[in-house]
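Working notes, beginning with the structure itself.
The values are calculated or read from the model by the stated rules, or taken from the named source; none is laboratory data. Not measured: the values here are computed from a predicted model. Neighbour counts run over all protein chains shown; Cβ positions are idealised from the backbone, glycine included. All accessible areas refer to the heavy atoms of the entire protein, side chains included, with ligands and DNA or RNA removed. Shrake-Rupley method; radii C 1.70, N 1.55, O 1.52, S 1.80 Å.
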Amino acid sequence: AQSVSQHNHHVILSEAASLELGCNYSYGGTVNLFWYVQYPGQHLQLLLKYFSGDPLVKGIKGFEAEFIKSKFSFNLRKPSVQWSDTAEYFCAVSPPIGNMLTFGGGTRLMVKP
Amino acid sequence: ETGVTQSPTHLIKTRGQQVTLRCSSQSGHNTVSWYQQALGQGPQFIFQYYREEENGRGNFPPRFSGLQFPNYSSELNVNALELDDSALYLCASSTSSGSSYEQYFGPGTRLTVT
């Protein structure tokens, strides 16, 4: 069975600080990897995804993530956060066949202006 | 906003009762997945419907059941409600059940079981 761990449950940063959110997954084969974001009062939406190819993936709003296969990790990064990045961030995986998602527990990010 | 809608927005039920939650998928989408998100946790996959057939199921008991209709809208039914069923129930639709197809999430239905 797949599982996803997000190590940071709550992160507080000041504007312009750099962000890195950790995500590790457990699965015996190939997986597809995702980061979703949920802004206050809004739907879950996709930030970025990795299926294959370049392990450094760029998403919307300046976010990027790096897939490190040897570490089973897919950490999310942003060089300079803004107040509007305040949200909850979820890492997720899906098997190579089918798009059913297994989510991590989420990281709640607060950016102070 | 996505084109996925869910009803009702909020619901309060008593332990032992039954509940039906509804989801309208985005136009052109034939696959609907349901997730349960307990407070402070990430969403957990319940099941998926593709062209009116169940296409995969997570670790949920049989009292969680579903339907998909010819217009690809879907229902989630939960029988014999338990207190632990209190959660946000999310519906997501996609154009297919294939791995490369992005899921679009609805706003959720918050169920409280007392």
Practice task
Using the structure shown, decide if B:Leu81 is more than 14 Å from the chain's Cα centre (by Cα), open to solvent by less than 10 Å² (accessible area, probe 1.4 Å) and touching a residue at least 12 places away in the same chain (Cβ under 8 Å).
Solution key: yes
Handout entry: Residues located in the range B:61-111, provided they are in a loop (DSSP other than H, G, I, E, B), within 13 Å of chain A (Cβ to nearest Cβ) and not small (Gly, Ala, Ser)
Key = B:Thr95, B:Tyr101, B:Glu102, B:Gln103, B:Pro107
Handout entry: Single match in A:Leu109, A:Leu76 (criterion: part of a strand (DSSP E or B), away from chain B (no Cβ under 11 Å) and under 23 Å from B:Tyr89 (Cα atoms))
Key = A:Leu109
Practice task
Give the residue, chosen from A:Val57, A:Val37, that is buried (at least 19 other Cβ atoms within 10 Å of the Cβ), of a type in the set (Val, Ile, Thr) and away from chain B (no Cβ under 12 Å).
Solution key: A:Val57
Exercise for the section: Determine which member of the set A:Ala1, A:Ala16 is farther than 25 Å from B:Ser94 by Cβ and open to solvent by 20 Å² or more (accessible area, probe 1.4 Å). Expected result: A:Ala16
Handout entry: Of residues in the range A:84-102 being hydrophobic (A, V, I, L, M, F, W, C) and not in a loop (DSSP other than H, G, I, E, B), the one surrounded by the fewest Cβ atoms within 10 Å (Cβ to Cβ)
Key = A:Ala87
Handout entry: Single residue of the range B:2-18 satisfying the filter (hydroxyl-bearing (Ser, Thr, Tyr) and within 14 Å of another protein chain (Cβ to nearest Cβ)) that is farthest from B:Ser73 (Cα to Cα)
Key = B:Thr9
Exercise for the section: Quick one: A:Gln42 ticks every box in (1) away from chain B (no Cβ under 11 Å); (2) out of contact with any strand residue (DSSP E or B) (no Cβ under 7 Å at 6 or more places or on another chain); (3) of a type outside the set (Phe, Trp, Tyr) except a single one, so which number is it? Expected result: (1)
Exercise for the section: Would you check if A:Val81 is surrounded by 19 or more Cβ atoms within 10 Å (Cβ to Cβ), β-branched (Val, Ile, Thr) and not in a strand (DSSP E or B)? Expected result: yes
